[in-house]
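Structure provided below as structure tokens; questions to follow.
The values are calculated or read from the model by the stated rules, or taken from the named source; none is laboratory data. Predicted model only: the values in this text are computed from it and were never measured. Every residue, glycine among them, receives a Cβ derived from its backbone with ideal geometry; neighbour counts consider all protein chains shown. When the accessible area is computed, the model is the full protein with side chains, heavy atoms only, and any ligands, DNA or RNA have been set aside. Shrake-Rupley method; radii C 1.70, N 1.55, O 1.52, S 1.80 Å.
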Amino acid sequence: KIIDELRNVGVNVLSIESSSDIISYLDAVAAERLVGEQCLLYTDSSGRTFNVVVSGGAEGLTATHNSSRATYSGLSVTIFLPFCARVLAATASLTLSPEYQPLAAPSMALNPGFLFCVFGIILASETTQTWLGTNLDVRGCNSVGSHVWRSSMVADYPRYVTLLCLALAWFAPFGTSTRDFLTALGTGLGGCLLLASLGSRAWKKLGIPCIDKDAFFSPVLAYAMAVCAGFAFPFIGLRCVTGGCNENSDDYQFPNGGSRRARQLVTISAIITAVIYAVTDLESVQELFGFAWQYQGAVNLSVGLWWILSTIASLAVCSRLDSTQGESAQPFLTRDETSPVGWTVPSLPRLIMDPNFRGRPFGCCGAISDVLCCIVVVGVGGLLIWQGVRQIGGEEDATPWSFVGNN
């Protein structure tokens, strides 16, 4: 059998031999963090062997994730983070009242349309699939397929919510507290996206133990820890900052040459971030581009403290970066993110499993559940139709909530 042949050459094979055990086996494998290289194979009753892979959007999600990783620019993130602080500082003068009127234009330092373009277009790779990145690097999921099987979350909801807030702020009436509140909310969420993207990369580079718990709050905890790591070690998340050193480099012959090069790159990146921040603080630059910074003294003090402390912290941990020049791979396996264990045998066909087919009914089942579903659907649909009929009749207050209020 091919499984025995693979094991004889040193390949770690996880084998499933009963179709009734596939779902439960996938649940167990996806929930466990596996170290090293292994493959998950299924043998049917006819003796045919298949690679077990996950569908449900895992393949498309893998392509998106790889594309964003290839074009990721950590320096752009560190440059724009202080701008988020400038926008959030303006919330100190924000009051949610009908009489509120902003004193400056734009009252939140930056126009929400500009922020929408930055987060949605300019920093698209840096804000895309941060939830997936934290689950892979911080939570320790084996692969994209493992993440999809555990959560079935393919859509990039954190980024969607951020862009939705900024889009609503962009088209909200100018001079209203709603516009400024949505701008601040979207900027805060966008800053979390940037910090999470930096923090997840720094977490993996520093070899910090993964949060591999399977509790319901584990994904949220992993995301929060990634944000904290990005805030503390932002320059470690840059793609150029690694522990390895090119063999052709003059620094390669010295001990700890990789960490020394990493410290040099951290210093250069930090200086570039500080210079751009200082230049945009000039009055002439603000007038040229229409910036309206508020509370400049407090913001500069806060950003300055964060910059120097995070730079020192990043420099201090450069010695922990992995200095290996490459990694060995099994000659009989290929990396495949759609597999729940992350590897497949290239010469074998695939058995595709969709996580959407393993769901169970919520709460009560049977005829009671069907009756409740019908009642809810008919009730909500009838309420919407009744609202339309009242509006056609010319009634002023014809919302569904007026019916509730009258009773």
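Under the rule that an exposed site lies in a DSSP loop and has at most 14 other Cβ atoms within 10 Å, name the longest stretch of the chain with no chymotrypsin sites (Phe, Trp or Tyr not before Pro) of that kind, not counting the sites themselves. Working shown, then result.
Values: sites that count: F174, F216, F217, F362.
Longest stretch, sites excluded: 1-173.
Next question. Say we join alpha carbon atoms closer than 10 Å with springs in a Gaussian network model of the chain; which of P158, P112, P331 then has the biggest fluctuation?
The residue that fluctuates most here is P331.
Moving on to the next point. Using a 1.4 angstrom probe on heavy atoms only, work out the carbon and sulfur share of the accessible area of the chain in %. Each step should come with its number before you reach the end.
Numbers: 13390 of 21220 Å².
Of the solvent-accessible surface of the chain, carbon and sulfur hold 63 percent.
Take the alpha carbon gyration tensor of the chain, find the square roots of its eigenvalues, order them as a ≥ b ≥ c, and report rounded if a/c is under 1.5; if not, report prolate when a/b exceeds b/c, else oblate.
In terms of gyration-tensor shape, oblate.
Sorting L26, L168, L309, L75 by accessible area (1.4 Å probe), largest first, what list results?
L309, L168, L75, L26
Find the centroid of the Cα atoms in segment 34-96 and in segment 159-181, then give the distance between the two in whole Å.
26 Å
Continuing with this model, one more query. Rounded to the nearest whole Å², what accessible area per residue is found for the chain with the 1.4 Å probe?
Details: 21220 Å² over 407 residues.
Here the per-residue accessible area is 52 Å².
Counting helices only, and only those DSSP H runs with n ≥ 4, report the 222 nm mean residue ellipticity of the chain as the sum of -39,500 (n - 2.57) divided by its residues, in deg cm²/dmol to the nearest 500.
On the way: 16 runs with 215 residues, N = 407.
Taken over the chain, the calculation gives -17000 deg cm²/dmol.
Continuing with this model, one more query. Looking only at the chain, where both bridge partners belong to it, what percent of the DSSP beta bridges are antiparallel (to the nearest 5)?
Restricted to the chain, the bridges split so that about 35 percent are antiparallel.
Could I ask something else about it? Under 16 Å from a point placed 7 Å out from the Cα of S18 along the Cα-to-Cβ direction: which residues of segment 35-66 have their backbone N that close?
Within reach of a label on S18, which here means backbone N under 16 Å from a point 7 Å along Cα→Cβ, segment 35-66 contributes 42-46.
Tell me, what is the 1.4 Å probe accessible area of S314, in Å² to the nearest 10?
0 Å²
Could you order C39, C240 so the one with the most accessible surface comes first? Probe is 1.4 Å. Numbers along the way, then the final one.
Working: C39 0, C240 70 Å².
Final ranking, largest accessible area leading: C240, C39.
For the chain, with a Gaussian network of springs between Cα atoms less than 10 Å apart, report the residue from V285, V266, V161 with the top mean-square fluctuation.
Taking springs between Cα atoms under 10 Å, the residue moving most is V285.
Considering only I392, I268, I122, give the residue with the highest GNM mean-square fluctuation for the chain, with springs between Cα atoms whenever their separation is below 10 Å.
Its mean-square fluctuation being the largest, the pick is I392.
Compare the Cα positions of V380, L238, L348 along the charge dipole of the chain (+1 at Cβ of Lys, Arg; -1 at Cβ of Asp, Glu; about the Cα centre) and return the one farthest towards the positive end.
The Cα lying farthest towards the positive end belongs to L238.
Solvent-accessible area of L61, probe 1.4 Å, all protein chains present, reported in Å² to the nearest ten, please.
Spelled out: L61, probe radius 1.4 Å, area about 10 Å².
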